[in-house]
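Report on the structure given below.
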Amino acid sequence: MDSIRIIGGKRLSGNIKVSGAKNAALPILCATLLSDGESLLRNVPKLRDIETTSALLRFLGRNVDVAAPEVKVHAGAQVRPEAPYELVKQMRASVMVLGPLVARFGKAKVSLPGGCQIGSRPVDQHLMGLEKLGATITLERGYVIATAPRLRGCEIVFDMPTVTGTENLMMAAALAKGRTTLVNSAKEPEVEELGRVLNKMGARVTGAGTDVIEIEGRDELAPFDHAIIADRIEAGTYMVAAAATGGDVLLENAPLEDLGSTVAALKKMGVEISREGNAVRIRRPGALQPIDLSTEPHPGFPTDMQAQMMVLSCIAEGTSTILENIFENRFMHVPELVRMGADIHTEGNHATVKGPAKLQGANVMATDLRASASLVIAGLVAEGETNVLRVYHLDRGYEHMEEKLSAVGANAVRVQDQHG
Ligand code: EPZ
């Protein structure tokens, strides 16, 4: 398994181009199941999760041509509406084929995704919504079996905002008979983006991006051609890297309007962030101030930025507190940061970070996607050499991170694992 070797201490300076949003591309790839013909996705990032989703679509009977940043999907000769455990266990977002399959083909057999490093990640809201739309749901040997002659629109109220739950049910509702209203929906920009694509396909979606989404279902939907929005979490990650190294970075294609709470927190810590045309300049001229963060559904502070901001608080002048409210176990980066010299104490979902710590380079283990990114950022500021191991976690959600960082002055290289 590859690792990334970093020699810390370099200020980042130069331009970084933000890629397309992983968490927009994934549901939109699943939406191609809703129609025949050929759909074209543009500005798709070159990521493991995109490859995994493409492999799943091929297994389901689609022809998928991945030529980053473009992906072409067209209907094959037949459909096999079954998503096997081997593929779903690699990426829990695969559960988003469930809605499109049962809506389009009247049946679906999808492996339950199971938990992952950051929590149990149940899908009860996805299943509750499909049942309300008229699907019969049974669980058999770790698989969800969903059948429905034709889904019928209705009102669905989520117990909590769920991003992929909202997206799964938007796609199912787009082929249901009549109108569906999703209440207490997730408001992430990626949900709004899926709404735009479903409208291009012929559905009538209003309110995507708010907590009440209306979907007028259609008997048939058309293929689409769509350029994916920029990745706000990738952009936020590089903002933190620039701030941590005291650098001066221009982020091209950064979706500033989708990063309100992250930008507010960074500015509070003393980071200068300003728009320059359609780019964003990040500088950190002076000392970092501590911060109190609490992760919330969008537009609150994103859980996907929590690990990265924790590194910044490690080197701030004072004590910061971080509350992780979305997932029950999203502090896996903490023991690794402590090994690098950070002063962090956790109690349940509450972390107290004392700074400034002098971080030293070390061999550290990546776990979940964003924890891996935080270890890379820690390596950029640590004294000496850091090896971030198991970077396949990183490759799931960051396109050539070591290349993008080296291009702005970091001493970061990928070390291929000799044993393959
Ligand atoms: C999406 O995951 C993202 N993934 C995650 O990004 C992100 O961290 C998360 O939303 C929160 O913003 C994609 O979009 C592909 P949720 P998702 O359903 O949809 C509970 C990354 O780093 N819940 O919004 O799986 C759940 O346990 C990834 O790119 C239920 O209880 O998250 C959690 O506590 C990691 N039952 C909360 O809701 C359900 O049926 C929010 O989860 C569904 C969710």
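The values are calculated or read from the model by the stated rules, or taken from the named source; none is laboratory data. Note that this is a predicted model, so its numbers are computed, not measured. Neighbour counts are summed over all protein chains in view; Cβ atoms, including those assigned to glycine, are modelled from backbone coordinates with ideal geometry.
Table for the structure above
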quantity	calculated
Qualifying residue in region 237-251 (condition: of a type in the set (F, W, Y), within 16 Å of the ligand (Cβ to nearest atom), crowded, with 16+ Cβ neighbours inside 10 Å and modelled with pLDDT of 95 or more)	yes
Residue in region 278-309 that is nearest to the ligand (Cβ to nearest atom), counting only those that are farther than 21 Å from P189 by Cα and surrounded by fewer than 21 Cβ atoms within 10 Å (Cβ to Cβ)	D292
Of all residues making up region 266-281, the number that are farther than 22 Å from G355 by Cα, among the basic types (K, R) and not in a strand (DSSP E or B)	0
When residues of region 223-245 are limited to those that are assigned to a loop (DSSP other than H, G, I, E, B) and out of contact with any Leu (no Cβ under 9 Å at 6 or more places or on another chain), the one farthest from L198 (Cα to Cα)	D231
Count of region 17-47 residues which are closer than 22 Å to A103 by Cβ and within 14 Å of the ligand (Cβ to nearest atom)	9
Residues of region 11-52 classified as in a loop (DSSP other than H, G, I, E, B), crowded, with 19+ Cβ neighbours inside 10 Å and of a type in the set (G, A, S), total	3
Condition check for K132: farther than 26 Å from K22 by Cα, surrounded by 17 or more Cβ atoms within 10 Å (Cβ to Cβ) and of a type outside the set (A, V, I, L, M, F, W, C)	yes
Qualifying residue in region 73-81 (condition: surrounded by 19 or more Cβ atoms within 10 Å (Cβ to Cβ) and at pLDDT below 95)	yes
Set P161, P223: member being within 13 Å of the ligand (Cβ to nearest atom) and either closer than 26 Å to N43 by Cβ or not hydrophobic (A, V, I, L, M, F, W, C) (or both)	P161
Region 352-398 - residue that is assigned to a loop (DSSP other than H, G, I, E, B) and among the small types (G, A, S) and, of those, nearest to T319 (Cα to Cα)	G355
Any hit, region 85-100, residues being under 23 Å from V191 (Cα atoms), touching a Phe, Trp or Tyr at 6+ places or on another chain (Cβ under 7 Å) and part of a helix (DSSP H, G or I)	no
Region 115-138: number of residues that are within 15 Å of V97 (Cα to Cα), of a type in the set (A, V, I, L, M) and within 12 Å of the ligand (Cβ to nearest atom)	3
Residue among V102, V88 that is more than 11 Å from the ligand (Cβ to nearest atom), crowded, with 18+ Cβ neighbours inside 10 Å and farther than 30 Å from S372 by Cβ	V102
Count of region 139-158 residues which are within 18 Å of L101 (Cα to Cα), away from the ligand (no atom under 16 Å from the Cβ) and part of a strand (DSSP E or B)	5
